[in-house]
Amino acid sequence: YQRRVHGGNLCFNVSKSHPQHISMSRSNQIYYSEKYEDDTYEYRHVILPQSMAQQVPSDRLLTENEWRRIGVQQSRGWIHYSFHKPEPHILLFRRPLGMAQQQAQQQQQAASQPAY
């Protein structure tokens, strides 16, 4: 079956029949959605294995250090902005549009600097 998950102004489908969702459940791995966007932000949802749900506080959002400590791996700039209350193991992240391009430009500039 499919279930609608709402995060802020966005909705996405979580499908029990989706192969990645099934393999995540069986192997106890973190699932990262494809990125999606609106006019302001780039979004992604992260589904933690049920066994990790106890590590997620239900009364506040996670800091970057906290979500990295539990094993979520993403590039810089992502902010945990919401979660799906009935399923606290689904974390919703966003970052301003253009952040990925900005980081790539900074890396290219750093790589082209002469080493002294």
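How much length would be gained if the chain were fully extended between Thr63 and Leu97, taking 0.36 nm per residue of separation minus their Cα-Cα distance, in nm to one decimal?
The span from Thr63 to Leu97 would gain 10.2 nm if fully extended.
Could I have the simple spin-label model distance between Ala110 and Lys85, label points 7 Å from Cα toward Cβ, reported in nm to one decimal?
If labels sit at Ala110 and Lys85, their model points lie 4.0 nm apart.
With a 1.4 Å probe and every protein chain left in place, work out the accessible area per residue of region 68-116 in Å², rounded to a whole number.
Per residue, region 68-116 has 68 Å² of solvent-accessible surface.
Test of understanding: what is the full-extension gain from Ile70 to Asn28, defined as 0.36 nm times their sequence separation minus their Cα-Cα distance?
13.8 nm
At what distance in angstrom do the alpha carbon centres of region 51-66 and region 80-116 lie from each other?
Measuring centre to centre over Cα atoms gives 19 Å.
Taking all protein chains in place and a 1.4 Å probe, what share, in percent, of the accessible surface of region 29-116 do carbon and sulfur account for?
Taking all protein chains in place, region 29-116 shows 46 percent carbon and sulfur surface.
Let me make sure I get this right: for region 28-116, a, b and c are the square roots of the gyration tensor eigenvalues over alpha carbons, sorted descending. Under 1.5 in a/c it's rounded, otherwise prolate if a/b > b/c, else oblate. Which is it?
Judged from the Cα gyration tensor, region 28-116 comes out prolate (a/c at least 1.5, a/b above b/c).
The values are calculated or read from the model by the stated rules, or taken from the named source; none is laboratory data. Just so you know, these numbers come straight off a predicted model, no measurement behind them. Glycine gets a Cβ as well: all are built from the backbone with ideal geometry, and neighbour counts include every protein chain shown. Side chains included, ligands, DNA and RNA excluded: accessible areas come from the protein's heavy atoms. Shrake-Rupley method; radii C 1.70, N 1.55, O 1.52, S 1.80 Å.
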